[in-house]
1. Over 22 Å between C-alpha atoms is what I'm after, so list which of K158/K184; K46/K184; K46/K158 land there.
2. Report the relative contact order of segment 9-85, percent, no decimals, based on alpha-carbon pairs under 8 angstrom and at least 6 residues apart.
3. Sort E102, E73 so the one with the fewest other Cβ atoms within 10 Å of its own Cβ comes first.
4. Using the Kirkwood radius built from alpha carbon pairs, what does the Stokes-Einstein equation give as D for segment 130-216 at 20 °C and 1.002 mPa s, in µm² per second?
5. Given that compact globular proteins tend to follow 2.2 N^0.38 Å, what is the ratio of the alpha-carbon Rg of segment 9-85 to that value?
6. Between S8 and I222, what's the calculated FRET efficiency when r is the beta-carbon distance and R0 is 30 Å? Round to 0.05.
7. Under the Karplus relation 6.51 cos²θ - 1.76 cosθ + 1.60, θ = phi - 60°, what is the ordered set of whole-Hz ³J(HN,Hα) values for segment 29-45, x standing for Gly and Pro?
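Readers should treat all values here as calculations from the given coordinates under stated rules, not as data from a laboratory. None of the values given here were measured: they were computed from a predicted structure. Ideal geometry is used to build each Cβ from the backbone, glycine not excepted, and the neighbour counts take in all protein chains shown.
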Amino acid sequence: MSPSPVASREAALRIALAARTLNGLDVRALVGALLEKLEAPLTESKLASLTVEDLRSILAGDFAEQGCHVGVEGEQLKEAVRLLWGQGIDNHDFPAVDAYAEGEMPGSIRVAVAANRGQNLDGHFGSCDRFLIYQVGQEAIKLIDIRSTAEADAAEDKNAARSALIGDCQIVYVQSIGGPAAAKVVRAGVHPVKKPGGGQAREVLAELQGRLTNPPPWLAQIMGVPAASLARFEEGLAAEEESA
């Protein structure tokens, strides 16, 4: 895979938020347009050099000299430029990450949640603008990271890059996911779970948390422990063999 044209996660986050401000413009399309203006790699300093007129021209493309209407209002352009500069990102509906040290929650599992707003499961695998990363144990649920998908979307194989982005997780919750994308997620060692209705991420994860003490077979396999239901079945077989 060729090196990413986006230089850092910070730059990727700025681009993702700006794209959302521009009526949900496709992130990859915005990256491509920015590359024509700024050249690779897209760094934070390059993004900070953009003006509102620069962005208007970038969105208009070949029709910039004709005063083409780019389909967004002036205030949206200003907000997008501020985000590209890095202004206001800290308070841009990103939840606070909990303190966490690797290994402090024995027996826990790592779960990604496809999200667009706050701590919500409200994203499709191929189009969400971030993954919320949680550590889920029997006693606690901690939000340990927030990963923008902008850098992954600039890759040649977007779904493979998104899968790699959450490759340290065991489960990913999504509202929807296509067959080819699901296959790549599974190849990355992550188990996709569809929740079409979405909801509050912590409420969804609380349901998962409640199953950790008595996991069904699919979850037990992920956790690397025997499934309680199968254990009872195996005990029954052992008792039958002893009485035979």
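1. Values: K158/K184 10 Å; K46/K184 33 Å; K46/K158 24 Å.
As for pairs spanning more than 22 Å Cα to Cα, those are K46/K184; K46/K158.
2. Over segment 9-85, the number comes to 45 percent.
3. On the way: E102 7, E73 10.
Final ranking by Cβ density, sparse to dense: E102, E73.
4. Numbers: Rh = 13.8 Å.
The calculation lands on 156 µm²/s.
5. Details: Rg = 11.2 Å, N = 77, 2.2 N^0.38 = 11.5 Å.
Relative to the 2.2 N^0.38 Å estimate, segment 9-85 comes out at 0.98.
6. Details: r = 32 Å, r/R0 = 1.06.
Here the calculated transfer efficiency is 0.40.
7. Couplings: 5, 5, 4, x, 5, 5, 5, 5, 8, 9, 6, 7, x, 7, 9, 4, 5 Hz.
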